[in-house]
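Derivation of every value follows stated rules applied to the coordinates shown; laboratory data play no part. Because the structure is predicted, anything quoted here is derived from the model rather than measured. Neighbour counts run over all protein chains shown; Cβ positions are idealised from the backbone, glycine included.
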Amino acid sequence: MPALPTSTAAVLHGPKDLRLEPRPLWAPEPGQCQLEVKSTGLCGSDLHYYLAGRNGDFAIRSPLVLGHESSGVITALGAGVASQYPHLRVGVRVAIECGIPCRSLNSDGSARTGKDVCKHCSNSRYNLCKNLRFCSSAKTFPHRDGMLQQKINHEAWCLHPIPDSVSYSQAALAEPLSVLLHASRRAGICPASSYPSLGSSTSFSTTSTTSTSSSAAGKKVLVFGVGAIGLIACALAQELGAERVCAVDINNDRLAFAARERFTTSEGNSTYCLPLPPKITSMEPNPKEPENIRRAKENAANALAVFDEPDGFDVIFECTGAESCVLMSVFCTTLGARIALVGMGSPILSSFPISAAATREVDLIGSFRYADTYNEAVELLSGSNLLTSSCKGGHTNGVQAVQNAGFSQKLSKLVTHRYPLSQAKEAFELLARGRDENGGMVLKVMIES
C-alpha cells in the first residue's frame with residue numbers, strides 16, 4: 001500500500017515544548033472537507049497553553065496542536081458534502097469555525113429524541129453544548145487538535161465562504177470578532193443572527209440570547225483592556241452605533257494606539273491609564289470595606305472624571321479578567337447598566353460589591369465563545385453593515401460596502417507580526433514578550449502559509 005501523505009503540525013508537548021512534527025493526512029470523512037490552512041492568529045489562550053501547558057483549569061493531557069483563529073482553502077471533499085453543501089467546492093476560501101457541538105445528533109448521525117435532545121444546540125446556544133469539542137482546547141479529552149498545521153480535515157457545516165475582497169488574515173479575525181458579536185448580543189446592543197442556526201441539523205431556530213433591547217444607539221460604552229479582543233470590542237461598539245466608546249488599560253502605548261487609530265471615539269478624553277496598585281504596608285483604613293473595593297471605587301471615580309461621565313456608562317465590556325478591573329467596572333456603570341464578562345482571568349474574587357450592583361440594577365452578563373456569529377463576522381469583514389443588512393442574508397449594496405470598508409481596515413491594523421509555521425515557536429516567544437526587537441508593540445501575531 002502507498003504511504004499516507006503527511007502534514008506538518010506545530011505540536012505542544014508541555015510548557016514551551018513546541019515541536020514541528022509530521023502528522024498522517026487521512027482522507028476527509030463523510031461530511032468533512034480537507035483544508036489547506038492559510039492563516040491562524042495566536043490568542044491569549046494559545047499563549048497560556050504554550051507558557052504553562054494549561055489554560056486555567058484546562059491542562060493538556062496529551063500532545064496538542066494549538067490555534068483556532070483560522071482561515072484556509074478547501075482541497076478535498078468528503079462523501080456527501082457536494083450534495084448537502086453545494087456552496088462548498090474545492091478551491092473555495094473559508095473562515096473556519098472551531099467549535100464542534102453535538103447538534104443533537106447521535107454518533108450514527110440520527111437525531112436525538114426526548115430527554116436526550118441537547119437543549120443548548122436546539123436553542124441556538126451551541127457554545128454551551130456539554131459535548132462540544134473545541135479545536136486547540138484541552139477542556140475535553142481526547143483533545144481536538146487546532147489549526148497550526150498545513151492541512152486538516154474539518155466539519156463542512158463549520159466552514160464559512162469568504163469573498164475575494166477578504167484576505168486570509170482578515171478572515172482569521174472572524175473568530176475573535178465572533179467573540180465580541182456574541183458578547184454584544186448578550187449585552188443587548190447587537191441584533192440577533194438572521195441566519196439559520198448551526199447548532200441543529202434540523203432546526204432553523206434563531207432564538208436570541210439578548211435582552212429585549214438590541215440597539216447600541218445612544219449608549220455609552222466602556223471597554224476594560226485594549227489587547228486585540230478589547231480593541232475589537234471598541235471597534236464593534238462604534239460600528240453598531242454607540243454614542244461614545246472609551247477604554248481603560250494599564251498600558252499607555254496600547255491606549256495611545258487605540259486613540260490614534262480611532263478605536264475609541266475622538267471627542268474628549270477617551271482613554272484612561274489605570275495605575276498599578278500600591279503594595280499594602282499598613283492596616284486597611286476602613287475594616288468594613290476591603291482595600292480592593294476601596295481602590296476600585298477610587299479608580300472608577302478618577303476614570304469617570306477623566307472621561308467627564310459622572311453618571312457612568314451604559315454598557316461595559318470587561319476584557320481583562322483581572323479582579324481589579326471587574327470590581328472597578330461595577331463602579332463605572334450608570335443605573336441599570338450591563339457588564340459583559342468577556343475576559344478569562346481570576347477564577348475567584350476575594351470580595352465583590354454585590355450591594356452596589358444589586359441596588360443599582362447592574363446586570364453582570366457571562367459571555368463564553370460564540371454561537372451563530374460567523375456569517376455576520378464575514379459580512380462585517382467584507383464591508384457590510386449589520387444595521388442596514390437584509391434580514392434574508394444580510395448583503396448590502398456596493399455603495400454601502402465601500403462606505404463600511406473602514407471597519408475591516410481598522411481590524412487589519414491589529415495584525416502586527418507574521419510568521420511561517422516553521423517559526424511558530426518564535427512567534428509564541430514574541431507574543432509572550434509583547435515587544436519585538438525594535439521595541440514595536442505586539443498585538444496580533446499571524447502564522448501564515
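If you average the sequence gap of Cα pairs under 8 Å that are 6 or more apart and divide by the length of region 220-366, what percent do you get for the contact order?
22
Rounded to the nearest 500, what is the 222 nm mean residue ellipticity of the chain from helices alone, with -39500 (n - 2.57) per DSSP H run of 4+ residues and division by all residues?
That comes out to -7500 deg cm²/dmol.
Based on DSSP loop calls and a cut-off of at most 13 other Cβ atoms within 10 Å, the longest stretch of the chain free of exposed chymotrypsin sites (Phe, Trp or Tyr not before Pro) is what?
Counting at most 13 other Cβ atoms within 10 Å as exposed, the longest clean stretch of the chain is 205-449.
Expressed in nm to one decimal, what extension gain is obtained for the pair residue 288 and residue 432 from 0.36 nm per residue of sequence separation less their Cα-Cα distance? Could you put the intermediate results ahead of the total?
Details: separation 144, 0.36 × 144 = 51.84 nm, distance 3.92 nm.
47.9 nm is the gain from fully extending residue 288 to residue 432.
In the Gaussian network model of the chain, springs joining C-alpha atoms below 10 Å, which of 358, 192, 424 carries the largest mean-square fluctuation?
So, out of 358, 192, 424, the one fluctuating most is 358.
Please give, to one decimal in nm, the separation of the simple spin-label points placed at residue 409 and residue 298, each 7 Å out from Cα toward the Cβ.
Placing both labels 7 Å beyond Cα along the Cβ direction yields 4.4 nm.
I need to check one value: relative contact order of the chain, counting alpha carbon pairs closer than 8 Å and at least 6 residues apart, in percent. Intermediate results must be reported in sequence, preceding the final value.
Details: 989 pairs, mean separation 69.3, N = 449.
Reported as a whole number, the value is 15 percent.
When the Cα atoms of region 220-366 are enclosed in a convex hull and the volume is divided per residue, what value in Å³ results?
It is 108 Å³ per residue.
Taking 0.36 nm per residue of sequence separation and subtracting the Cα-Cα distance, how much length would be gained by fully extending the chain between residue 349 and residue 364, in nm to one decimal?
Full-extension gain reported as 4.0 nm.
P(r) tail for the chain, what percent of Cα pairs lie past 31 Å? List each step's numbers first, then the result.
Numbers: 41934 of 100576 pairs.
Pairs farther apart than 31 Å: 42 percent.
Could you sort 290-297, 62-69 so that the peptide with the highest average Cβ count within 10 Å comes first and the rest follow in order?
Final packing ranking: 62-69, 290-297.
What is the magnitude of the charge dipole of the chain about its Cα centre, with +1 placed on the Cβ of each Lys and Arg, -1 on the Cβ of each Asp and Glu, and no other charges, expressed in debye to the nearest 20?
660
About the Cα centre of region 220-366, how large is the charge dipole given +1 on each Lys and Arg Cβ and -1 on each Asp and Glu Cβ? Please answer in debye to the nearest 20. Before the final figure, lay out the partial values.
Working: 12 positive and 18 negative charges, 48 e Å.
It works out to roughly 220 debye.
I'd like the FRET efficiency for residue 48 and residue 356, computed as 1/(1 + (r/R0)^6) with the beta carbon distance as r and R0 of 22 Å, rounded to 0.05.
The pair residue 48/residue 356 has a calculated efficiency of 0.10.
List 266, 422 from most exposed to least, where exposure is judged by having the fewest other Cβ atoms within 10 Å.
The most exposed by this proxy come first: 266, 422.
Treat each spin label as a single point 7 Å out from the Cα along the C-beta direction, and report the residue 422 to residue 260 distance in nm.
3.3
Over region 220-366, what is the percentage of antiparallel beta bridges among all DSSP beta bridges, to the nearest 5?
0
For residue 420, what charge total do you get from the other residues with a beta carbon under 13 Å from its beta carbon, if Lys and Arg give +1 and Asp and Glu give -1?
Details: positive: 38, 418, 425; negative: 426, 448.
The answer is +1.
In a GNM of the chain with a 10 Å cut-off on Cα contacts, which of 329, 408, 83 has the highest mean-square fluctuation?
Between 329, 408, 83, it is 83 that shows the largest mean-square fluctuation.
As a footprinting exposure proxy, order 154, 87, 120 by other Cβ within 10 Å, with the fewest listed first.
Ordered by Cβ neighbours within 10 Å, fewest first: 87, 120, 154.
Please report the antiparallel percentage of the DSSP beta bridges confined to the chain, to the nearest 5. All intermediate terms of the calculation are to be shown ahead of the outcome.
Working: 42 of 68 bridges.
Close to 60 percent.
Kindly put 314, 372 in sequence by how many other C-beta atoms sit within 10 Å of each C-beta, fewest to most. Mind dumping the intermediate values first?
Values: 314 23, 372 28.
Arranged by neighbour count, lowest to highest, 314, 372 become 314, 372.
Name the most mobile residue of 371, 337, 356, meaning the one with the largest mean-square fluctuation, in a Gaussian network model of the chain with Cα contacts below 10 Å.
Residue with maximal mean-square fluctuation among 371, 337, 356: 356.
What residues qualify as long-range amide H neighbours of residue 77, i.e. H under 5 Å apart, gap of 5 or more or another chain, H built at 1.01 Å from N?
HN-HN under 5 Å from residue 77: 34.
Which one, 351, 195, 114, is farthest towards the positive end of the dipole of the chain when Lys and Arg carry +1 and Asp and Glu -1 on their Cβ?
Of 351, 195, 114, it is 114.
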